[in-house]
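Encoded as structure tokens, the structure appears first; notes follow it.
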Amino acid sequence: MRFSEIIGQEKLKSKLIVGVKNGRIPHAQLFLGKSGFGGLPLALAYAQYISCINPTDSDSCGECSSCRKMQSITHPDMHFSFPFPSDKAKKSSDLMVEWRAVLTEKPYVNLPDWMSVLGAEKKQANFPIAECREIIRSLSLKPFESEYKFLVLWLPEYLGNEGNVLLKIIEEPPHNTIFLLVAENEEKILGTILSRTQSVKVPPLLVSELTEFLIKSNELTEDEATRVAHISHGDFNESQKFANGFESPFFETWRGWMALCYGRKMGELVNWADNTAQMGKESLKGFLQYGLELLRGVLVSSYSSELNTWDGSEGKFITNMNSMNLPFENLELMCNEIERSIGLIERNAQPKIVLLDLSFLITRKLKK
Ligand SMILES: [Zn+2]
């Protein structure tokens, strides 16, 4: 991947390039930011730039033998490690066909997308011990073609205590080895790993950068693109959900839930919580996050309907909910509780209990 293929992040790109030109290439870096901000594509472009035979001042050439292999994800000195469900493979290299396809088609991939590529939406992903040993083994080889060999370690937050076997190699890597860790959530990374890496903050995309991209690639008008860029909070993945004009796949489940709460259908709410809890931890977090965005939409547009930036059935849902004239505090409390519930699910609370508690709260707060 070349830097020019990555949306925005101009400051960060030039910082990385200047580092390479001055011979300052830290041996372990952690690219930190949401998947939709572009940490993974940046790590790929950075490795390609370092090993490019004819780099320019601002990018890799895209044509030399090294660039071509980097672009087709077949470079022998580029190693990857990523989380996967243990029934799908023993090590990352068993899933290279799927991984290569994802990186080529969707380099801004996030974990739920990756799990759905593997047909494992409801499963837990991690790095089994065999994978950690494989990392050590593959990095003990000499570089084949480049001066450096790279390990792109995607989502180290899913490294459990097994990850501790990697400490020594991260601290004292074999000659000319570069670790590029790409993470979304610093707090969930083993402290021992975190302390051995230099962190590179990947910020949200600027509204102007995302707008420009959406006009070109999604063929939106300037107004549409600006609206989508605003509600996407600098996240490319979010922008694609909105730009494609489809309502979220979560919408019907959300609307159904709100209707049950509003109608105070307690028995049905218990069944609903039972079923919805089955969607798996990552999807459930996505679902609640989505609902939170919708409710925030209600909050914001309670000041003025002009501020309702959603359209289609989601926009109508927000308008309808606004016409209920719920007290501001009720909406705010619902938002806070949903946010808190996402945290609880994150920390492995029982999804069904969390959903039931939320249902009871929302049932009360949907009345004036
Ligand atoms: Zn090149």
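The values are calculated or read from the model by the stated rules, or taken from the named source; none is laboratory data. These figures come from a predicted structure and were not determined experimentally. Note: ideal-geometry Cβ built from the backbone for every residue, glycine included; neighbour counts use all protein chains shown.
For region 42-49, check the following and say yes or no: at least one residue is in contact (Cβ under 8 Å) with a residue 24 or more places away in the chain, away from the ligand (no atom under 16 Å from the Cβ) and either not assigned by TED's automatic domain parsing to the domain that holds H233 or not in a loop (DSSP other than H, G, I, E, B) (or both).
In the first step, residues of region 42-49 are kept if they are in contact (Cβ under 8 Å) with a residue 24 or more places away in the chain; the result is 42-49.
If we keep only those that are away from the ligand (no atom under 16 Å from the Cβ) as well, we get 42-43.
If we keep only those that are either not assigned by TED's automatic domain parsing to the domain that holds H233 or not in a loop (DSSP other than H, G, I, E, B) (or both) too, we end up with 42-43.
Taking every residue of region 42-49 in turn, at least one turns out to be in contact (Cβ under 8 Å) with a residue 24 or more places away in the chain, away from the ligand (no atom under 16 Å from the Cβ) and either not assigned by TED's automatic domain parsing to the domain that holds H233 or not in a loop (DSSP other than H, G, I, E, B) (or both).
Restricting attention to region 90-134, the residues that are touching a residue at least 40 places away in the same chain (Cβ under 8 Å) and basic (K, R) add up to 4. Out of (1) touching a helix residue (DSSP H, G or I) at 6+ places or on another chain (Cβ under 6 Å); (2) at pLDDT 85 or above; (3) among the hydroxyl-bearing types (S, T, Y), what's the single condition that is false for T226? Condition not satisfied by T226: (2).
Please find, within region 257-307, the residue that is nearest to A125 (Cα to Cα) out of those that are polar (S, T, N, Q) and in contact (Cβ under 8 Å) with a residue 12 or more places away in the chain. Only one residue tops the list, namely S283. Of all residues in region 52-76, those being in a helix (DSSP H, G or I), charged (D, E, K, R) and within 9 Å of the ligand (Cβ to nearest atom) number 1. Hey, any hits in region 128-145 for a residue that's within 16 Å of the ligand (Cβ to nearest atom) and either crowded, with 22+ Cβ neighbours inside 10 Å or closer than 26 Å to F287 by Cβ (or both)? Taking every residue of region 128-145 in turn, none turns out to be within 16 Å of the ligand (Cβ to nearest atom) and either crowded, with 22+ Cβ neighbours inside 10 Å or closer than 26 Å to F287 by Cβ (or both).
With respect to the conditions (1) in a helix (DSSP H, G or I); (2) charged (D, E, K, R); (3) over 30 Å from G23 (Cα atoms), E134 lacks only one, and its number is (3). Among the residues making up region 151-172, a single one is touching a residue at least 24 places away in the same chain (Cβ under 8 Å) and more than 19 Å from A130 (Cα to Cα): E171.
Kindly indicate the residue of region 77-89 that is without any contact (Cβ under 8 Å) to a residue 60 or more places away in the chain and part of a loop (DSSP other than H, G, I, E, B) and also farthest from the ligand (Cβ to nearest atom) among those meeting that condition. Within region 77-89, the match that is farthest from the ligand (Cβ to nearest atom) is D87.
Taking region 135-150, which residues are without any contact (Cβ under 8 Å) to a residue 60 or more places away in the chain and of a type outside the set (A, V, I, L, M)?
R137, S138, S140, K142 - these are the residues of region 135-150 that are without any contact (Cβ under 8 Å) to a residue 60 or more places away in the chain and of a type outside the set (A, V, I, L, M).
Would you check if A28 is of a type in the set (A, V, I, L, M, F, W, C), touching a strand residue (DSSP E or B) at 6+ places or on another chain (Cβ under 6 Å), touching a residue at least 60 places away in the same chain (Cβ under 8 Å) and surrounded by fewer than 21 Cβ atoms within 10 Å (Cβ to Cβ)? So A28 fits the description; yes. Sort out which residues of region 157-197 are assigned to a strand (DSSP E or B) and closer than 22 Å to N110 by Cα, and write them in order of number. Listed by number, the residues that qualify are F179, L180, L181, V182, A183.
The rows are residues; the columns are (1) surrounded by 17 or more Cβ atoms within 10 Å (Cβ to Cβ); (2) modelled with pLDDT of 90 or more; (3) under 17 Å from L294 (Cα atoms).
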site	(1), (2), (3)
S239	yes, yes, yes
F242	yes, no, yes
S248	yes, no, yes
M258	yes, yes, yes
K265	no, yes, no
E268	no, yes, no
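For L214, state whether it is under 20 Å from the mean Cα position of the chain (by Cα), at pLDDT below 95 and not assigned by TED's automatic domain parsing to the domain that holds F80. Judged against the criteria, L214 is a match.
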